[in-house]
Amino acid sequence: MLAAMPQPPSAASSRDEPVIRERGDACPGALRLHAADDGFLARVRVPGGLLTVAQAEALALAADRFGDGHLELTSRGNVQLRGLADGCGGGLAELLDRVGLLPAPSHERVRNIVASPLSGLDGLDGQGRPDAAAWAVEFDRLLCASPWAAALSGRFLFAFDDGRGDVAALGPDVTVLGRSAGRALIRLGRAADAVELAGQDAPRAALLAARYFLDAAVEAGTQAWRVAELPAEHTLDEAEFGRRLGAVGIAAGIARAVDRPYAAPPRPGWSGGPDGRAALCVLPPLGRLDTARWRVLVRVAQDEGSGRLRVTPWRSVVLPAVSGHGAARIEDAGLVITPDSPWETVTACTGRPGCAKSLADVRADARAVADRARGPLPVHWSGCERRCGHPRGTAWVDMVATGSGYRLGAPGRPVREDVRPFELAAALADARTDPDVVKK
């Protein structure tokens, strides 16, 4: 049976009716654990994806001591621990706090901050681009020091983009976009216009944008969690935001209909650095790896790199200033460090057995056909209609488990209902290489 393709969640551009909620945000964190079918789950926020080797080692220790010995990278550059035992919360919190991963317990779920992962590492900062990582660090400090910010939802997203347009495409609630000559733009939600100001004021202005949202959400009374959920009469306005900035001494002007730059996510492999040492982007298949492989990354970063790691919102890890010998160690561990791997554009939700709502072991199904179902379009495997972790800001092939097979949809094509296991590889390969879609 063929049907019109349902609109993917990331494609929605407006809402006909405001979201009205009667409950609080249950988004998991490091202190608020989520009960899953495979045990408890902790989501550790990693602002900007920035980790020291001590912090990365602590995450591995936590996975071994309390969980299932694996780490999952999320679509917001955070790290999840699964299979946690009941009653481990206190020990986990103590371990994370010891290495600075819980600087403000009351704010730990609202530290949703992504930053351009190659900013300052690939030599493009010589073209006048700002250091997005430095912005993210300063903003996180300001956020944690603001008691009122704890009222934000665990889903509210801040993006610090150095101007290339990578994390700006992730649908943030507040986007800081670098411009030349030390300037920056701040966009509120999906607004066409933006506020322009000095780059040095960007972290403080992003915090004020969050305060503006909370004020609007309280006035609306709908318990909106994100900017796009505000009713039309409470939409955030750039002129009002500019006035709020001016009231605290931040000079800002309105930029009308600003361009939206776009850069693809960093691909597995090398990106040249200004000092002759390159950054290496490493891809764990499906964004999940055991602690032994994670520790290989940690040791390479410590012994042959900068002592730091950057987790990206595309479920990969960037290691700054790595040697060729370090790359060989990583490849020997079974992690992807070259482009054109079949895993480069394949993502999946948790699926069975970890999620009670899932109708299939989507990761096993994805692994079974990955090499035979390649194509230009990314594909996301979902165990149910919620499509957790689906790609954003791009066209993608949608595989949704039905219980007896998969519903397959691709942009511009009719949906195929109940694709059976023996048909999966051929059907998916065809959907990912549709010339009418790929050439657009």
Legend entry - Filtered residue count, the stretch 89-100, keeping only those that are open to solvent by 10 Å² or more (accessible area, probe 1.4 Å) and in contact (Cβ under 8 Å) with a residue 24 or more places away in the chain: 6
Inset, instruction - Just need a number here: residues in the stretch 371-389 that are open to solvent by less than 10 Å² (accessible area, probe 1.4 Å) and either in a loop (DSSP other than H, G, I, E, B) or over 18 Å from Gly412 (Cα atoms) (or both). - result: 4
Inset, instruction - Please work out if Gly246 is surrounded by fewer than 17 Cβ atoms within 10 Å (Cβ to Cβ) and closer than 30 Å to Leu297 by Cβ. - result: no
Inset, instruction - Report the residue count in the stretch 308-335 for those that are in contact with a Ser or Thr (Cβ under 9 Å, 6 or more places away or on another chain) and open to solvent by less than 20 Å² (accessible area, probe 1.4 Å). - result: 7
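Considering only the stretch 249-259, state which residues are open to solvent by 50 Å² or more (accessible area, probe 1.4 Å) and in contact with a Leu (Cβ under 9 Å, 6 or more places away or on another chain).
Matches in the stretch 249-259: Ala251 only.
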Inset, instruction - Identify, from the list Leu121, Leu143, the residue that is crowded, with 22+ Cβ neighbours inside 10 Å and part of a loop (DSSP other than H, G, I, E, B). - result: Leu121
Inset, instruction - Could you run through the stretch 68-88 and say how many residues are at pLDDT 95 or above, in contact with a Ser or Thr (Cβ under 9 Å, 6 or more places away or on another chain), open to solvent by 10 Å² or more (accessible area, probe 1.4 Å) and part of a loop (DSSP other than H, G, I, E, B)? - result: 1
Legend entry - Hits in the stretch 197-206 - residues which are part of a helix (DSSP H, G or I) and open to solvent by less than 20 Å² (accessible area, probe 1.4 Å): Gly199, Ala202, Pro203, Ala205, Ala206
Inset, instruction - Please report, ordered by residue number, the strands (runs of 3 or more DSSP E) entirely within the stretch 264-335 with at least 1 residues that are within 17 Å of the chain's Cα centre (by Cα). - result: 278-282, 288-290, 308-311, 317-322
Inset, instruction - Take the stretch 165-176 and flag every residue that is outside any loop (DSSP other than H, G, I, E, B) and either touching an Asp or Glu at 6+ places or on another chain (Cβ under 8 Å) or open to solvent by 10 Å² or more (accessible area, probe 1.4 Å) (or both). - result: Val167, Ala168, Ala169, Leu170, Thr175, Val176
Inset, instruction - Filter the stretch 223-243 for residues that are open to solvent by less than 70 Å² (accessible area, probe 1.4 Å) and not in a helix (DSSP H, G or I) and give the result. - result: Ala224, Trp225, Arg226, Leu230, Pro231, Leu236, Asp237
Inset, instruction - Can you confirm whether the stretch 177-187 contains a residue that is open to solvent by 30 Å² or more (accessible area, probe 1.4 Å), in a strand (DSSP E or B) and modelled with pLDDT of 95 or more? - result: yes
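The values are calculated or read from the model by the stated rules, or taken from the named source; none is laboratory data. Every value quoted in this text rests on a predicted model; they were computed, and no experiment measured them. All Cβ positions, glycine included, derive from the backbone under ideal geometry; neighbour counts span all protein chains shown. Surface accessibility is based on the protein's heavy atoms, side chains included, excluding ligands, DNA and RNA. Shrake-Rupley method; radii C 1.70, N 1.55, O 1.52, S 1.80 Å.
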